[in-house]
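K.L.:
Structure in structure tokens, see below.
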Amino acid sequence: MVSTSTRIGSFHFDNCLMNAAGVYCFSKEELEAIDTSAAGSFVTKTATLEARQGNPEPRYVDTDLGSINSMGLPNLGIDYYLDYVTQLQDTPNSKNHFLSLVGMSPEDTHTILKKVQDSAYKGLVELNLSCPNVPGKPQIAYDFETTDQLLAEVFSYYKKPLGVKLPPYFDIVHFDQAAAIFNKYPLTFVNCINSIGNGLVISDETVVIKPKDGFGGIGGDYVKPTALANVHAFYKRLNPTIAIIGTGGVRTGRDAFEHILCGASMVQIGTILHQEGPEAFTRITKELQDIMSEKGYQSLEDFRGKLQYLS
Ligand code: SIN
């Protein structure tokens, strides 16, 4: 029997597929739709200390090869999501979940994380170091000094399982430098990648989204090679105790298979989930299982990280 079950830290998941933060995760209703689908888990919309409206619309557009968005972190505030995941964890047979969060300043991030630390929530937290869409706020993880300092401060008081959502890196030296920082901390996982920041999509002579004069994060087919490279680069560099979550360009079981081959323990689905809805999990899971059956693989461990190179 082919199994797509997996683990992140000490947490078990019956299926390795789940949503990516930002898609189907704004409200309890959307999260419930993922929770009751074939997905193994859900991650909440990245929560800030206070609720946010986000950027003006239109701020998300599907394109032939994927999507562009500049949402600007619209969310219902940390209390909303923290209360929901805490309540869910006590229901019988609950799946394990991820709470995504980041502050609009380092102070806010600490306030939020201390709130989670002091709460009854026992699940995973994803600290989003990679939102490209808030005007005037650079992506934290592109500033290695700030990232190092923030993680040092966070792990001085935060003792629950925590991972980070990363932007794509594009240079081997940056993979080395980033991995050296992450290896200093007891991270449970890193999630590669958030959207490729600040792309531009044009229709006729005009940009397609309103915020930032049309600049926005790119997802979907465009980003798969970059996502795979980041998953594999970190798989090769990080301590084996740090799991990798692969995100970017997953529309089929073959795409999920490639993320796992590159080293991902869990695979997140963004653009195609937005386009197809939660039924996408049933289809992609079946496609992944079919590939595993054809190749004689019973579990993800049979091929995870076993990418082959040309000699
Ligand atoms: C957004 O809300 O702008 C997207 C979130 C992200 O890319 O981290």
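K.L.:
List every residue pair whose Cβ atoms lie under 8 Å apart, where the two residues are 6 or more positions apart in sequence or sit on different chains, the first residue falls within segment 122-147 and is within 13 Å of the ligand (Cβ to nearest atom), and the second residue, located anywhere, is open to solvent by 60 Å² or more (accessible area, probe 1.4 Å) and not in a helix (DSSP H, G or I).
P.N.:
Cβ pairs passing all conditions: CYS131/LYS137; PRO132/ASN198.
K.L.:
Tell me whether segment 92-99 contains one or more residues that are in contact with a Lys or Arg (Cβ under 6 Å, 6 or more places away or on another chain), within 16 Å of the ligand (Cβ to nearest atom) and either open to solvent by less than 20 Å² (accessible area, probe 1.4 Å) or more than 30 Å from ALA33 (Cβ to Cβ) (or both).
P.N.:
Scanning segment 92-99, I find no residue that is in contact with a Lys or Arg (Cβ under 6 Å, 6 or more places away or on another chain), within 16 Å of the ligand (Cβ to nearest atom) and either open to solvent by less than 20 Å² (accessible area, probe 1.4 Å) or more than 30 Å from ALA33 (Cβ to Cβ) (or both), so the answer is no.
K.L.:
Among the candidates LEU238, LEU288, LEU261, single out the residue that is surrounded by 24 or more Cβ atoms within 10 Å (Cβ to Cβ), in contact (Cβ under 8 Å) with a residue 12 or more places away in the chain, more than 16 Å from the ligand (Cβ to nearest atom) and farther than 19 Å from CYS131 by Cβ.
P.N.:
From the options LEU238, LEU288, LEU261, the qualifying one is LEU288.
K.L.:
Taking the criterion of being basic (Lys, Arg) and within 16 Å of the ligand (Cβ to nearest atom), would at least one residue in segment 181-204 satisfy it?
P.N.:
No; the residues of segment 181-204 include none that is basic (Lys, Arg) and within 16 Å of the ligand (Cβ to nearest atom).
K.L.:
Among the residues that make up segment 226-245, is at least one of them under 21 Å from ASP35 (Cβ atoms) and either out of contact with any Gly (no Cβ under 8 Å at 6 or more places or on another chain) or not small (Gly, Ala, Ser) (or both)?
P.N.:
There is at least one residue in segment 226-245 that is under 21 Å from ASP35 (Cβ atoms) and either out of contact with any Gly (no Cβ under 8 Å at 6 or more places or on another chain) or not small (Gly, Ala, Ser) (or both).
K.L.:
For segment 43-87, what are the residues that are in a strand (DSSP E or B) and in contact (Cβ under 8 Å) with a residue 60 or more places away in the chain?
P.N.:
VAL43, ALA47, TYR60, VAL61, ASP62, THR63, GLY66, SER67, ILE68, ASN69
K.L.:
Output the number of residues of segment 62-88 satisfying the condition of being of a type in the set (A, V, I, L, M, F, W, C) and either away from the ligand (no atom under 16 Å from the Cβ) or open to solvent by 30 Å² or more (accessible area, probe 1.4 Å) (or both).
P.N.:
6
K.L.:
Out of (1) more than 16 Å from the ligand (Cβ to nearest atom); (2) buried (at least 20 other Cβ atoms within 10 Å of the Cβ); (3) assigned to a helix (DSSP H, G or I), the odd one out for LYS114 is which?
P.N.:
The single condition LYS114 does not satisfy is (2).
K.L.:
Still on this structure: Failed condition for VAL173, given (1) open to solvent by 10 Å² or more (accessible area, probe 1.4 Å); (2) within 19 Å of CYS262 (Cβ to Cβ), with all others met?
P.N.:
(2)
K.L.:
May I ask you to list the residues in segment 254-279 that are under 17 Å from the mean Cα position of the chain (by Cα), of a type in the set (Gly, Ala, Ser) and within 24 Å of ASP64 (Cβ to Cβ)?
P.N.:
Matches in segment 254-279: ALA256, GLY270.
K.L.:
For segment 2-61, what are the residues that are crowded, with 20+ Cβ neighbours inside 10 Å, more than 12 Å from HIS97 (Cα to Cα) and β-branched (Val, Ile, Thr)?
P.N.:
Matches in segment 2-61: THR4, THR6, VAL23, THR46, THR48.
K.L.:
If ASN194 meets every condition in (1) over 20 Å from LYS224 (Cβ atoms); (2) touching a Pro at 6+ places or on another chain (Cβ under 7 Å) apart from one, which number is that one?
P.N.:
Against the list (1) over 20 Å from LYS224 (Cβ atoms); (2) touching a Pro at 6+ places or on another chain (Cβ under 7 Å), ASN194 comes up short only on (1).
K.L.:
Oh, and also: Sort out which residues of segment 225-264 are out of contact with any helix residue (DSSP H, G or I) (no Cβ under 7 Å at 6 or more places or on another chain) and polar (S, T, N, Q), and write them in order of number.
P.N.:
Selection gives THR226, ASN230, ASN239, THR241.
The values are calculated or read from the model by the stated rules, or taken from the named source; none is laboratory data. What you see is a predicted model; the values in this text were computed from it and never measured. No Cβ is skipped: glycine too gets one built from the backbone with ideal geometry, and neighbour counts run over all protein chains shown. To get the accessible areas, we keep the full protein, side chains included, count just its heavy atoms, and leave off ligands, DNA and RNA. Shrake-Rupley method; radii C 1.70, N 1.55, O 1.52, S 1.80 Å.
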